[in-house]
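Notes for the one structure printed next.
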Amino acid sequence: MIRLFSFLLALIATPLAAQTQREVGLELVLLADASGSIDPDELAFQRQGYALAITDPRVIAAIQTSLYGNVAVIYVEWATNTAVVVDWTIVDGPETARVFADALTGPPRQAYGSNAIGTALLEGKRLIEGNDIYAPRAVIDFSGDSIRNSSGPTIEDARAEVLAAGITINALPILRPEDGRRAGANLEEEYTNRIIGGPGAFMVTAEGRAQFAETVRRKLVLEISGKMPESDIQIAADTP
């Protein structure tokens with residue numbers, strides 16, 4: 001509601017020349033884990049998973065049948081620092097989805113170090129607020145394989161700042177055989193309680209490589225369509 005009100009207010013108050021800025025139905029920041037626990041093969045696999053998902057016919061259909069018929073997407077990898085891999089791209093069909101997907105495969109790794117989740121969340125907010133795009137909805141799609149925060153702002157402070165700006169945070173925890181809920185350190189519970197939040201916030205879990213692209217695809221369809229999550233997806237219990 002805060003985001004929609006700000007969007008409408010901007011359209012009324014902004015001079016006509018500025019209103020030529022790009023207009024979409026959703027601004028979506030894909031925040032992908034590139035910390036030390038993600039080796040080069042896994043980094044490439046994650047990028048490939050998102051590339052397959054964004055070009056999937058079901059995702060394209062969700063985009064084209066949405067209210068505006070388009071979305072703005074940016075792909076960012078995070079570790080101690082953050083790095084934009086593919087800058088803001090307006091996707092409105094198979095061709096623009098392919099442009100985004102192809103751009104994911106080339107850039108070298110630029111994010112290194114340990115986990116700085118708070119920094120990553122705030123960078124997602126900055127990228128949304130600093131672009132030339134108007135949208136009634138904004139979502140940070142955070143993925144990772146741990147909840148550790150080794151440097152920078154705390155997760156709690158960063159999350160609160162993002163939510164106060166009217167931006168929703170969804171999450172995709174990546175489980176490994178040696179951790180996640182299998183080892184008692186319940187990553188899904190941590191992401192539910194400490195990461196996701198905002199209007200319609202939810203989380204889906206990637207159980208491993210075999211399911212990663214399909215999980216991303218499923219999540220993108222929900223985010224783009226704005227539909228209520230299915231019953232087996234964890235929804236934010238409460239939002240500050």
* Asked: If ligands, DNA and RNA are left out, what is the accessible area of Val86 with a 1.4 Å probe, given in Å² to the nearest 10?
  -> 10 Å²
* Go through the stretch 22-30 residue by residue and turn each phi into a ³J(HN,Hα) via Karplus (6.51, -1.76, 1.60, θ = phi - 60°); whole Hz please, and just put x for glycine and proline. => 5, 10, 9, x, 7, 9, 10, 9, 8
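Could you give the accessible area per residue of the stretch 68-215, probe 1.4 Å, as a whole number in Å²? It would help to have the intermediate numbers written out before the result.
Working: 5710 Å² over 148 residues.
Heavy-atom accessible area per residue stands at 39 Å².
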* Cα-centred dipole magnitude for the stretch 103-164, charges only on beta-carbon of K, R (+1) and D, E (-1), debye, nearest 20 -> 120 debye
* Calculate one ³J(HN,Hα) per residue across the stretch 190-205 by plugging θ = phi - 60° into the Karplus curve 6.51 cos²θ - 1.76 cosθ + 1.60, and present them in order as whole Hz with x for glycine and proline. => 4, 5, 5, 7, 10, 10, 6, x, x, x, x, 5, 7, 9, 10, 10
* For peptides 64-72, 51-59, sequence by mean Cβ density within 10 Å, most packed first -> 51-59, 64-72
* What list of ³J(HN,Hα) values in whole Hz, one per residue of the stretch 160-167 in order, does the Karplus curve 6.51 cos²θ - 1.76 cosθ + 1.60 (θ = phi - 60°) give from phi, with Gly and Pro shown as x? -> 4, 5, 5, 5, 5, 7, x, 9
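The values are calculated or read from the model by the stated rules, or taken from the named source; none is laboratory data. Note that the coordinates shown come from a computational prediction; the quantities given were computed from them, not determined experimentally. Cβ coordinates were reconstructed from backbone atoms using ideal geometry, including for glycine residues, and neighbour counts include every protein chain displayed. The protein model used for the area step is the full one, side chains on, heavy atoms only, and it has no ligands, DNA or RNA in it. Shrake-Rupley method; radii C 1.70, N 1.55, O 1.52, S 1.80 Å.
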